[in-house]
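Encoded as structure tokens, the structure appears first; notes follow it.
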Amino acid sequence: DGPKFGGGEGEGGADEEMKDDKKEEQAPPPEPAMKTVTRQEKLAVDQKKFMGMSPQEMAGKKQEEFDMALQDRVVTETNEARNALEEYVYNTRDALETRFKDFVEEGARGALLKKLGEAEEWIYGDGEDAQKGVYAERLGALKEEGAPIEALYREWEAIPEAVEGLKSAVEGWKALAASTDKAYEHVSAEDRERVKKECSDAMDWAKGVVLFKMKDHDKTRPYEFSSEVVRQRRADLDAVGGGVMNAPKPKPPTPPPKEEKAQGEGAKEG
């Protein structure tokens, strides 16, 4: 007999077994999703205690911290006031023996030195535990006498510096007045001479008057030619020099208007 096509009993049984295996291999159906239910409930909060303290205790703690910070600040500012007084005593006493010596009469110098010594003794004695305001008051009283002396000294030192500034300006404007640069070719010789004369006059005044009279001046009195006077003389010189040398070049003359072409042709026909 030839081969038979179609299912026999044996083959049919095998097919059933394979179907059963496939059913077993299939994943089980998903379980239904669980719904989350949110419930809001009011909870009673006891605010009588925070970090183990009642509101009254908290307020007391804050006040205590504030008082401590305030006390620290008072101590710091008091020490600073004490140090300021101490520093002024040392510095002023040294200055009266050196750089301030010629700027105060001998009697006034001795009196101030005595007060400075008394202030030093007080700082290390009865004033060791003084309050900030007391230190400030004593410092202010000493400065009332020492400040005018210091002002005379500083002004005396400032005058030669101001003269040097004037001298620098003189040299600068003189150089520009003699310049052959094209930027200044429009400045006339007459104007250049005016700048040079202002420079010479300013320098003669600075050397022959300001510096010369300083030699015999009583340093305990203000000097008539202050540093501000010298600086003003420089400003005046800058105004003259700048007005001349920085003047803009004159504009070239405007050329006459060209005749219209038609007018030109009409003129030829005529």
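The values are calculated or read from the model by the stated rules, or taken from the named source; none is laboratory data. Only a predicted model underlies this, so the values are computations on that prediction, with no experimental measurement involved. Don't worry about glycine lacking a Cβ; one is built from the backbone with ideal geometry, like all the others, and counts go over all protein chains shown.
Points worth noting:
- Tally of residues being without any contact (Cβ under 8 Å) to a residue 40 or more places away in the chain and among the small types (Gly, Ala, Ser) across segment 197-241: 5
- Top-ranked residue of segment 68-92 - restricted to ones that are modelled with pLDDT of 75 or more and over 30 Å from Glu121 (Cβ atoms), ranked as nearest to the chain's Cα centre (by Cα): Ala69
- Between Lys213, Lys219, Lys197, the distinction of being touching a Phe, Trp or Tyr at 6+ places or on another chain (Cβ under 6 Å), assigned by TED's automatic domain parsing to the domain that holds Val163 and either at pLDDT 95 or above or closer than 23 Å to Tyr153 by Cβ (or both) belongs to Lys219 only.
- Meets criteria (farther than 30 Å from Gly242 by Cα, free of Cβ contacts under 8 Å to residues at least 40 places away in the same chain and in a helix (DSSP H, G or I)) for Glu164: no
- Checked against the criterion of being assigned to a helix (DSSP H, G or I) and closer than 14 Å to Arg138 by Cβ, the candidates Glu57, Glu86, Glu65 yield just one match: Glu86.
- Only one of the numbered conditions (1) surrounded by 11 or more Cβ atoms within 10 Å (Cβ to Cβ); (2) within 24 Å of Asp94 (Cβ to Cβ); (3) without any contact (Cβ under 8 Å) to a residue 60 or more places away in the chain; (4) not basic (Lys, Arg) is violated by Gln131, and that is (2).
- Lone unmet requirement of (1) surrounded by 15 or more Cβ atoms within 10 Å (Cβ to Cβ); (2) free of Cβ contacts under 8 Å to residues at least 40 places away in the same chain; (3) farther than 25 Å from Thr78 by Cα for Ala95: (2)
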